[in-house]
Amino acid sequence: MKKLLIMTLFISTCSSYLFASEGGNIFRATFMADNLEYQFNDEKALTWDAYAYAGYDLNKVYIYSEGEKAKGVSSAESENQLVYSRAISPYWDIQIGVGYDKTQDSHKNWGVIGFQGLAPYFFETRASLLIADDGVVGLRAEAEYEALITQRLILTPSLAFAAYTKNDTQMDIGSGFSNLTLGARIRYEFVREFAPYAGVEWSKNFGNTNSMESLDEVYITIGLRFWF
C-alpha cells in the first residue's frame, strides 16, 4: 500500500500543471446525500448513499457510505470508505484508502484503490478495487447520468455492479460476478440543495452470491437528495 501511495503522488504531481489554477488554494467542505430513500421491496428498507469531502482542488479527503436498514432488523448493513483523492486530470481523481463493510453477522476491512470522474457523454463514474488481508479481491463500480427535462426536473438513470475473486460466506459474498443494480430516478429541485424524487430500481444477485442470498427484484423508491 505504501508503494501505491508513493506512485499515486508521483503521477498526480507530474500532471498537476495541466489544470492548476488560483482556485486550487481554496479550501472546500461538502456533504452530499445523493440518495436517502425508502424502497418498497420485500425488506421494506430505508437506504442511503452519501459522501462528504474536505480539501482543495487537487487534494481532498472523502468519506463514502452506503447501506440499508431493513424493517424488523436491529442493525443496518453498510459499505464505507475513507480515501485520499488526488486530481490527475481536469475530470478524474485517483483515490487510495481503506474500506469497512458491515453485515448483520460479520464485518470486513479492505484496502481501497479507485478512481472517480466524468466519463465521455457526461457519465459520473466511480470504481474501487478492494483488497482484503484474507486474499479476497473485489471490484465495485457505479455510473449515473443526469438528463435535464427542465431546469428543475431531472431524470437520473444509474448502474452499479460488484464482483469478487473468492467466496466469503460470512459477508454473503460469492466469487465471480456478484450483483447488478439498474435504476432510474426523477427529482424536482425546489432549490439545487434540496430535491425530493421517485424512481424504480432492479437488483439481481448472480452466481455464488445468489446461492447465498437469492435476489431478483424490481421495486419503487421515494426519497430525498440534499447537500450543503
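The values are calculated or read from the model by the stated rules, or taken from the named source; none is laboratory data. As the structure is a prediction and not an experimental result, all values here were calculated from the model. For neighbour counting, all protein chains shown are included, and Cβ atoms are generated from backbone atoms with ideal geometry for every residue, glycine included.
Tabulated data for the structure shown
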| read-out | value |
| --- | --- |
| Residue in segment 219-228 that is touching a residue at least 40 places away in the same chain (Cβ under 8 Å), touching a strand residue (DSSP E or B) at 6+ places or on another chain (Cβ under 8 Å), in a loop (DSSP other than H, G, I, E, B) and of a type in the set (A, V, I, L, M, F, W, C) present | yes |
| Filtered residues of segment 149-173 (kept if surrounded by fewer than 15 Cβ atoms within 10 Å (Cβ to Cβ), farther than 20 Å from residue 211 by Cβ and β-branched (Val, Ile, Thr)) | 149, 150 |
| Qualifying residue in segment 71-86 (condition: more than 12 Å from the chain's Cα centre (by Cα), among the aliphatic types (A, V, I, L, M), in a loop (DSSP other than H, G, I, E, B) and surrounded by fewer than 18 Cβ atoms within 10 Å (Cβ to Cβ)) | yes |
| Odd one out for residue 122, checked against (1) within 28 Å of residue 103 (Cβ to Cβ); (2) modelled with pLDDT under 95 | (1) |
| Residue that is surrounded by the fewest Cβ atoms within 10 Å (Cβ to Cβ) [pool: residues in segment 93-118 that are within 20 Å of residue 161 (Cβ to Cβ) and aromatic (Phe, Trp, Tyr)] | 115 |
| Tally, over segment 92-118, of residues that are closer than 17 Å to residue 141 by Cα and either at pLDDT below 95 or acidic (Asp, Glu) (or both) | 2 |
| Check on residue 146, touching a strand residue (DSSP E or B) at 6+ places or on another chain (Cβ under 6 Å), closer than 24 Å to residue 214 by Cα and either surrounded by 15 or more Cβ atoms within 10 Å (Cβ to Cβ) or not small (Gly, Ala, Ser) (or both) | no |
| Those residues of segment 187-228 which are aliphatic (A, V, I, L, M), more than 20 Å from residue 140 (Cβ to Cβ) and surrounded by 15 or more Cβ atoms within 10 Å (Cβ to Cβ), in sequence order | 195 |
